[in-house]
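Step one of this worksheet: look at the structure below.
The values are calculated or read from the model by the stated rules, or taken from the named source; none is laboratory data. None of these values were measured; they are calculated from a predicted model. Because the Cβ atoms are built from the backbone with ideal geometry, glycine has one as well, and the counts that use them run over all protein chains shown.
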Amino acid sequence: MSNFDADVIVVGGGIIGVAVAAALRGQSVLVVDSGSPEFGTSSANAGHIVVSHATPFAAPGMVGQGIRSLLARDGAFALSPRLPLSGLTWLARFTSHCTSSNAETLTPGMLSLLRNSASGVRSLGIPTSSHPIWEVFTGHGSQDRATHEADHMRDLGIDTALIDPELVSEAEPLLLPRNLSVVELREDFGVDPQLLWETLKVTNDQATFLTNHTVSGIDASPDSVRVHLGSTTLSAPTIVIAAGAWTPNLTRLLGVSLPIIAAKGYSITVPDLETNVQHPMIFADEKFVVNPLGNSLRISSRFELTRANDRSIDPQQIRHMYAQAKTVVDLPNLPQSLESLAPWTGVRPASADGAPFIGPLRGMPHVVVASGHGMIGTSSAMGTADLVARYIRGGSITTAELALTPNR
Ligand SMILES: Cc1cc2nc3c(=O)[nH]c(=O)nc-3n(C[C@H](O)[C@H](O)[C@H](O)COP(=O)(O)OP(=O)(O)OC[C@H]3O[C@@H](n4cnc5c(N)ncnc54)[C@H](O)[C@@H]3O)c2cc1C
């Protein structure tokens with residue numbers, strides 16, 4: 001194949017790639033992916049749409065939390081023995097970004113992406129959770145910490161409420177501890193991430209998907225871009241690099257180093273529950289999240305810095321995650337066969353300052369990056385895609401959105 005006639009080539013068919021293809025309706029798009037989509041990170045994640053996650057992950061207090069987690073046995077944040085040396089440079093940069101000024105610079109753009117996405121997802125008409133997300137605090141000082149969290153959300157202008165403790169066990173009989181403090185995040189909800197991906201994939205009838213093809217080279221000229229797939233060369237006026245945790249491999253081909261590292265997380269899906277929880281929930285102290293999907297419960301946890309191709313599943317982590325969840329949710333006993341829980345891992349593309357990179361590379365107006373979404377790729381995909389489409393079509397970009405440039 002050569003000179004495939006597409007207006008835009010998108011590298012990466014995860015949630016960001018398919019959302020970009022969908023937002024470019026009316027234009028022809030070729031989405032190239034090295035594997036099948038299941039190889040990426042977008043299929044069996046927690047499926048939380050979290051407007052509340054508008055503050056970048058690199059924020060004041062995160063270094064202390066990270067160190068405590070590293071010291072704890074089975075902490076949610078971990079360093080894999082497979083972590084490449086570049087991971088240490090990433091850690092140093094992450095540490096230096098955990099400042100209030102980083103949060104102030106990046107939060108407005110992230111909030112606008114997330115809000116735009118949440119309303120985009122709702123407009124698709126796919127099933128969403130019937131209740132908003134609850135953030136649950138169980139440990140020491142839970143009441144104060146919940147109040148502090150609710151105040152922080154209100155400062156950001158996010159619709160939030162503290163739930164009367166009396167009403168918590170009435171609304172969620174499967175929650176076990178009695179002294180819970182709950183913040184209701186009213187703009188947040190749950191979806192099935194695979195269904196969202198499938199819906200966006202078929203939105204643009206001029207989008208073509210080329211799977212099992214790896215982009216091995218990119219040449220950018222002032223007018224167009226050439227993309228090499230082994231011995232085959234494709235050209236198009238514009239390329240979008242949406243390759244998740246693999247994005248630095250591609251920008252490096254253009255001489256640009258982007259600080260993105262793979263942060264592996266796990267999910268399991270408990271099937272056939274007689275009674276399910278009602279709200280998608282974030283357990284702030286136990287560091288895991290749940291999302292009811294029909295009569296199944298998706299449980300997800302862990303942030304382990306590693307290599308992008310590390311999809312290994314440690315059964316010990318699955319057992320630990322289940323045991324943690326069982327301390328707060330009334331679940332059946334761990335099944336004998338872990339396979340019945342459909343264990344899954346994905347690698348979040350984590351940027352060193354905790355915000356995604358969206359926009360053209362400096363001096364290469366036809367090469368647009370959309371990556372580094374870390375924990376919020378599913379939540380912010382449609383907003384990201386709308387922003388990418390405006391860059392490509394010459395639409396207006398706000399100052400807050402400009403702050404997300406990959407040239408920062
Ligand atoms: C356990 C877990 C739970 C999560 N929960 C949530 C959540 O509740 N809410 C939320 O918003 N986010 C969540 N996330 C984060 C979310 O999954 C990611 O941010 C998102 O999937 C990233 O999407 P992506 O399209 O950038 O990358 P991916 O889905 O990884 O897609 C990138 C694609 O690029 C392809 N590719 C790479 N290199 C090349 C190449 N050279 N040529 C061609 N193709 C290439 C890959 O094959 C891959 O398919 C979670 C992540 C994990 C791991």
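Listed values, structure above:
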{"quantity": "Test set (1) at pLDDT 90 or above; (2) within 28 Å of Ala400 (Cα to Cα) - Pro60 fails condition number", "calculated": "(1)"}
{"quantity": "Helices (runs of 4 or more DSSP H) contained in the stretch 12-112 and holding at least 3 residues β-branched (Val, Ile, Thr)", "calculated": "15-23"}
{"quantity": "Those strands (runs of 3 or more DSSP E) lying entirely in the stretch 130-240 with at least 2 residues within 16 Å of the ligand (Cβ to nearest atom) and within 24 Å of the chain's Cα centre (by Cα)", "calculated": "133-137, 207-210"}
{"quantity": "Qualifying residues in the stretch 314-365 (those that are part of a loop (DSSP other than H, G, I, E, B) and of a type in the set (A, V, I, L, M)) - the one nearest to Pro280 (Cα to Cα)", "calculated": "Leu331"}
{"quantity": "Residue tally, condition over 15 Å from Gly87 (Cα atoms) and within 15 Å of the ligand (Cβ to nearest atom), over the stretch 329-354", "calculated": "6"}
{"quantity": "Asn309, sole failed condition from (1) over 19 Å from the mean Cα position of the chain (by Cα); (2) in a loop (DSSP other than H, G, I, E, B)", "calculated": "(1)"}
{"quantity": "Count of the stretch 241-264 residues which are part of a loop (DSSP other than H, G, I, E, B), farther than 15 Å from Gly346 by Cα and near the ligand (Cβ under 6 Å from one of its atoms)", "calculated": "1"}
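Residue by residue, here is whether (1) surrounded by fewer than 17 Cβ atoms within 10 Å (Cβ to Cβ); (2) in contact (Cβ under 8 Å) with a residue 12 or more places away in the chain holds:
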residue	(1), (2)
Ile163	no, yes
Glu170	yes, no
Leu176	yes, yes
Val191	no, yes
Leu196	no, yes
Val227	no, yes
Gly230	yes, yes
